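Worksheet: one structure, shown below.
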Amino acid sequence: KEKLLELKNVVYSFHTYGGEVKAVRDVSFEVRKGEILGIVGESGCGKSVTAQCIMRLNPEPPGFFEGGEILFNGKDVLKMDKKELRQLRGGDIGFVFQDPMTSLNPTMRVGAQIEEVFIGRAGVSKKEVKEKALEIMKLVGISDVEKRYRQYPHELSGGMKQRVMIAIALVSRPSLVICDEPTTSLDVTIEAQILDLLLELREKLGTSIIMITHDLGVIARMCDRVVVMYGGKVVEQGTAQEIFYNTAHPYTKGLMDSIAKLDTKKGERLKPIEGTPPDLFFPPKGCPFAARCEYAMDVCKENPPYKYRLSEEHVTNCWLQHEFAPDTEFKKEEAV
Ligand code: SF4
Ligand code: MG
């Protein structure tokens, strides 16, 4: 499948009063046309910042890119001017956040908020705007659209508000929609409906989706391929099948065990593995997971692991794949 987005060795940090935070440390992955890519990891692993980097949403300064490329349709986002970035953010890429209440304007009717995005877009007359707003509300499964159109956000349920946010993200018919924990604040039934809606939209519109989540259940339900992040780095990536059934990284395994172990309540922060994620003011020089990994060897503390390719799609950054490493359940003999 054709590449839509490609991150190559992206390094992004930001200055704070406490010092420099190394938030994204040499991250590489791609998103193909029409696919759903999951980015999974605990809170603070760098997944949201990575997503924001794709659209350059973080103010620069205090944030700054130290290296890498972010190619969207072959064009480097890091070299775009203001005008190109505006087209990228409101046009080519849509964004859906966790909490629709903070992104919707409480003083504006729902219809007007959707229309606002249409207004000013080339080729849409004022008359057409309402028609288009109602059309997109129907597309995202809002019933009784004439009534909803006139309501304010507080008159809508959480699920309905998230549908409105998705409608807004889709107005420009983006080729990529980035969803950052879009269902974390919703109860399970509504969550299922929103995830189904996103799947349906991918089918209908061919939109690529990046699904950022701490919830492997969401990944299992939605994603074609998965990127596992930890300590600002990608530690494993592969097809959803490979990540679940041929797990090659101890951190991924820890995430997986935590579902079975914790029976996590909705919205609860995932704390699957003993210990806490690394301090990104002083990132560890070796493997980011070394302090918590039960398999850690001396080499892990000193040297960042090589990238081992296990199949066309499946890659892991872990010393356990090294030919001299002891045999464990993670070692895949065919590692190349
Ligand atoms: Fe554990 Fe070492 Fe692999 Fe890191 S590189 S996950 S510390 S075994
Ligand atoms: Mg986040």
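Overview of results
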read-out	value
Checking Ala169 against (1) buried (at least 23 other Cβ atoms within 10 Å of the Cβ); (2) under 18 Å from Asp224 (Cβ atoms); (3) out of contact with any Ser or Thr (no Cβ under 8 Å at 6 or more places or on another chain), the condition it does not meet	(2)
Tally of residues being in a helix (DSSP H, G or I) and surrounded by 15 or more Cβ atoms within 10 Å (Cβ to Cβ) across region 298-314	2
Positions within region 28-58 being within 16 Å of ligand 2 (Cβ to nearest atom), among the β-branched types (Val, Ile, Thr) and touching a helix residue (DSSP H, G or I) at 6+ places or on another chain (Cβ under 6 Å), in sequence order	Ile39, Val40
Selection within region 179-205 - more than 17 Å from Ser103 (Cβ to Cβ) and either within 16 Å of ligand 1 (Cβ to nearest atom) or of a type in the set (Ser, Thr, Tyr) (or both)	Thr189
Contacts under 9 angstrom Cβ, first residue in region 43-61 being more than 21 Å from Gln87 (Cα to Cα), partner within 13 Å of ligand 2 (Cβ to nearest atom) and basic (Lys, Arg), 6 or more apart	Ser43/Arg269
Given (1) within 16 Å of ligand 1 (Cβ to nearest atom); (2) at pLDDT 90 or above; (3) in a loop (DSSP other than H, G, I, E, B), index of the condition Gly34 fails	(1)
Qualifying positions in region 1-41 - among the acidic types (Asp, Glu) and more than 16 Å from the chain's Cα centre (by Cα)	Glu2, Glu20, Asp26
Test result for Glu191, at pLDDT below 95 and either surrounded by fewer than 19 Cβ atoms within 10 Å (Cβ to Cβ) or over 15 Å from the mean Cα position of the chain (by Cα) (or both)	yes
Residue that is modelled with pLDDT of 90 or more, under 20 Å from the mean Cα position of the chain (by Cα) and of a type in the set (Gly, Ala, Ser), where the choices are Gly141, Gly111, Gly90, Gly94	Gly94
Tally of residues being free of Cβ contacts under 8 Å to residues at least 12 places away in the same chain and either among the polar types (S, T, N, Q) or touching a His at 6+ places or on another chain (Cβ under 7 Å) (or both) across region 63-97	1
Flag for Gly238 being within 27 Å of Leu186 (Cα to Cα), away from ligand 1 (no atom under 14 Å from the Cβ) and either at pLDDT 95 or above or of a type outside the set (Asp, Glu) (or both)	no
Those residues of region 98-111 which are part of a helix (DSSP H, G or I) and without any contact (Cβ under 8 Å) to a residue 60 or more places away in the chain, in sequence order	Thr102, Val110, Gly111
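The values are calculated or read from the model by the stated rules, or taken from the named source; none is laboratory data. Keep in mind the model is a prediction, meaning the values are calculated, not measured. So basically every Cβ, Gly included, is an ideal-geometry build from the backbone, and we count neighbours across all protein chains shown.
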